[in-house]
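The values are calculated or read from the model by the stated rules, or taken from the named source; none is laboratory data. All of these numbers come straight from a predicted model, not from anything done at the bench. Counting neighbours? That spans all protein chains shown, and the Cβs are built from the backbone with ideal geometry, glycine included. These area figures cover heavy atoms from the full protein model, side chains too; ligands, DNA and RNA do not enter into them. Shrake-Rupley method; radii C 1.70, N 1.55, O 1.52, S 1.80 Å.
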Amino acid sequence: MPKSIKEKVLNYHWEPWLKRNFYAFMLSLIAGSYSRSDFKKYGFGDWGVKASLFTEGSWYSSPEIFAEAEPRVEAWLATHKIEEISDLLDSFLELKRREIISLSKNKKVSLKKKLVYLQETFHQVGSFIWTAHILEHVLWRQLRVETPKHIKGNVDKYIGDAAYPLKKNALELMEADMRSGVDLKIIWKNYAWMRSRDGFTRPYKLSELAEHQKQLKSLKSHRYPEIPRPLISIYRQARELVYLRTKRTDVFYELLFWARPIFKEVAKAYSLSFQDLKYFSFNSLVSGRPHRYGRNISCLDFEGDFIFVNGPVLSKEIKSEIVTEIKGAVAQLGKVRGSVKVVNNISEAVKVKPGNILVTYMTSPDFLPAMKKAAAFVTDEGGLTCHAAIIAREMKKPCIIGTKIATRILKDGDLVEVDADKGVVRLIK
C-alpha cells in the first residue's frame with residue numbers, strides 16, 4: 001500500500017505552493033483530512049481533493065488536483081453559501097474549545113481516550129482548512145472573469161478592496177478589546193495563543209500585548225468600493241471566503257494551544273521533552289508505538305490514505321542562472337528601497353528594524369509588530385486577499401505577493417528596490 005500511495009501521488013505534476021514549518025506531529029494531525037469522503041462526512045459537499053504532497057518544508061500544489069474538483073465545487077457554489085461553512089466552523093470552535101479545556105483537566109479519562117478525541121477533532125479541522133483552498137481556487141478564477149465585465153481600471157486592486165471581509169478576525173477582535181480598555185489580563189487569557197502558530201512556539205507574554213496596545217493607531221474603517229448589481233452575489237461569497245481563510249487557521253492554532261496540557265502529558269508518558277514531541281507522528285503516539293521522523297519529512301496522501309517519508313521525494317532541477325529580478329502580484333502600490341530581512345518563522349521577526357524590507361513566505365497576525373517597522377513586504381505566497389495584502393493596504397506600504405521564490409533568492413542584508421507599481425523586486429547589490 002505505501003508504495004502504491006507514493007506512485008499515485010507522484011504521478012501528478014507538483015509545484016511549490018505553501019511553505020510551512022511543519023514536522024511529523026503537525027502534519028499527522030491533518031494528513032488525510034481532505035478526501036471527498038471526509039468532506040461529505042463533515043457536511044462540506046462532495047468536493048475534496050484526491051491527492052496532496054508536503055516535502056522539503058512546503059506544501060506542493062497540482063493544477064490537475066484542483067481541476068478534478070472544480071466541477072463539484074462550482075455545482076456546490078451554485079446552491080450554497082460559504083457562510084454555511086463559516087457558521088459550522090464558529091460553532092465547532094465554541095464546542096471544541098470547551099471540550100478540550102475540560103478534557104485536559106479531567107484526570108479520570110485515560111490518555112489514550114484523550115488522544116483519540118484530539119485525533120478526530122484535528123482531522124475535522126484539517127477538512128475546514130482545505131475547504132478554503134479549494135473554494136479559493138474556483139472563486140478567484142470566477143472573480144477575474146466576471147469583474148472586468150463591469151469594472152474598469154485596476155481590477156486586482158478592486159478585487160482586493162471589494163473582497164475585504166465584513167466579519168472581524170481574531171486579531172481585529174483583540175485590538176478592539178485593547179482600544180475599548182478591556183483588562184490586559186483578560187485579553188491575554190483570550191488571545192495569548194495567537195503568537196503560537198506552529199503548535200510549539202510560546203504564546204504572547206503580557207508585556208508583549210501591552211507593547212502591542214501602545215503601538216495601536218486610530219482605527220480606520222475600510223473603504224468598500226461600490227459593487228455593480230451583477231457582482232453583488234459573487235462578492236458576498238468572496239468576503240465570506242476571506243473571513244473563512246483566516247478563521248480556519250486561527251481555529252487550528254487556538255485548539256492546538258488549548259490541547260497543550262494533553263500534549264505535555266503525552267511527552268511525559270514517553271519520556272520526551274515537549275519540544276521533542278514535534279518529530280513524532282500523532283498516530284504513532286495514539287497507537288502506543290511512537291515513531292520519530294527527521295526534520296526533513298515528506299507526507300504523501302492519496303484519497304485519504306497517507307504515508308510519511310524521511311527526506312525529499314521530488315527530483316530537483318539544477319538551475320545556474322543568477323536571479324537579479326523577482327516578479328509577483330501587486331497588493332499595494334508604491335516604490336521603496338531598503339535592506340532585506342528574511343523571516344522564515346515568527347522567532348526571527350525581531351530582527352526586522354525600521355525601514356527594512358520584510359521578506360517571508362506569508363505573514364500572519366503575529367507578524368504585525370515587524371510589519372509596522374518594515375518599509376515594504378515581499379512574500380512567496382498569497383492572493384489579493386491574503387493577510388499580507390490586507391495589512392499592506394491598511395498601512396499603505398508597498399507589497400508584492402506570490403513571488404514563489406523570494407525567500408530562496410534574497411538574503412539578509414541584500415539591498416533591493418521594491419517596485420510595487422510594476423510588481424518587481426530588483427537586487428541593487
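Could you work out the local net charge near K351, counting Lys and Arg as +1, Asp and Glu as -1, over the other residues with Cβ closer than 9 Å to its Cβ?
That sum, taken over residues with Cβ under 9 Å, equals 0.
Taking θ as phi - 60°, what are the ³J(HN,Hα) couplings along the range 85-90 by the Karplus curve (6.51, -1.76, 1.60), each to the nearest whole Hz, with x for Gly and Pro?
6, 4, 5, 4, 5, 4
Using θ = phi - 60° and the Karplus curve 6.51 cos²θ - 1.76 cosθ + 1.60, what whole-Hz ³J(HN,Hα) does each residue of the range 130-141 get, with Gly and Pro shown as x?
6, 4, 5, 4, 6, 4, 4, 4, 7, 5, 5, 5
What does the net charge come to around F274 if you take all other residues with beta carbon closer than 15 Å to its beta carbon, with K and R at +1 and D and E at -1? Walk me through the numbers on the way to the answer.
Details: positive: R202, R260, K264, K268, K278, R292; negative: D198, E265, D276.
Around F274, the charge tally is +3.
Along the principal axes of its C-alpha atoms, what lengths does the range 160-236 span, in descending order and rounded to whole Å?
Principal extents (largest minus smallest coordinate, Cα): 48, 30, 17 Å.
Give or take rounding to whole Å, what are the principal axis extents of the alpha carbon atoms in the chain, in descending order?
60, 52, 50
Multiplying the sequence separation of R229 and K41 by 0.36 nm and subtracting their Cα-Cα distance, what value in nm do you get? Show your work: numbers first, answer last.
Working: separation 188, 0.36 × 188 = 67.68 nm, distance 3.57 nm.
Fully extending the segment from R229 to K41 adds 64.1 nm.
Provide the per-residue ³J(HN,Hα) series for the range 146-158, in order, calculated from phi with Karplus coefficients 6.51, -1.76, 1.60 and θ = phi - 60°, each as a whole number of Hz, with x at glycine and proline positions.
Whole-Hz 3J(HN,Hα) from phi for the range 146-158: 7, 4, x, 6, 10, 10, 9, x, 6, 5, 4, 5, 4.
Whole number please: convex hull volume per residue, Cα atoms of the range 39-151, in Å³.
Given the Cα convex hull of the range 39-151, per-residue volume reads 155 Å³.
How far is it, in nm, from the label point at V309 to the one at R141 when both lie 7 Å from their Cα along the line to the Cβ?
About 2.8 nm, to one decimal.
Quick one: compute a quarter of the convex hull surface over the Cα atoms of the range 45-94 and quote it in nm².
Working: hull surface 19.2 nm².
Spelled out: convex hull of the Cα atoms, projected over all directions, averaged, 4.8 nm².
Anyone know which of K396, K327, K220 comes out most mobile in the 10 Å Cα GNM of the chain?
Sorting by GNM fluctuation, first place goes to K220.
Among the listed pairs K167/K217; K19/K422; K40/K113, give every one whose C-alpha distance is greater than 23 Å.
Beyond 23 Å: K19/K422; K40/K113.
Within the P(r) computed for the range 98-164, what percentage of the Cα pairs occupies the region above 17 Å?
62 percent
Per residue and in Å³, how big is the convex hull formed by the alpha-carbon atoms of the range 318-429?
88 Å³
Quote the convex hull volume per residue of the range 93-251, based on C-alpha atoms, as a whole number of Å³.
Enclosed volume per residue, from the Cα hull, is 148 Å³.
Need one number: nm distance between label points at R337 and S110, each 7 Å from Cα along Cα→Cβ, rounded to one decimal.
The two pseudo-label positions are separated by 6.8 nm.
Write down the accessible area per residue of the chain in Å², having rolled a 1.4 Å probe over the full set of protein chains.
With the other protein chains kept in place, the chain gives 47 Å² per residue.
What does the net charge come to around Y12 if you take all other residues with beta carbon closer than 14 Å to its beta carbon, with K and R at +1 and D and E at -1?
-3
Quickly work out the E172-to-S102 label distance, labels modelled 7 Å from Cα along the C-beta direction, and quote it in nm with one decimal.
3.1 nm
On each of the three principal axes of the Cα atoms of the range 320-363, give max minus min coordinate, whole Å, ordered largest first.
30, 30, 18
Ignoring ligands, DNA and RNA, please state the percent of accessible area on the chain from carbon and sulfur, probe 1.4 Å.
Here it works out to 53 percent.
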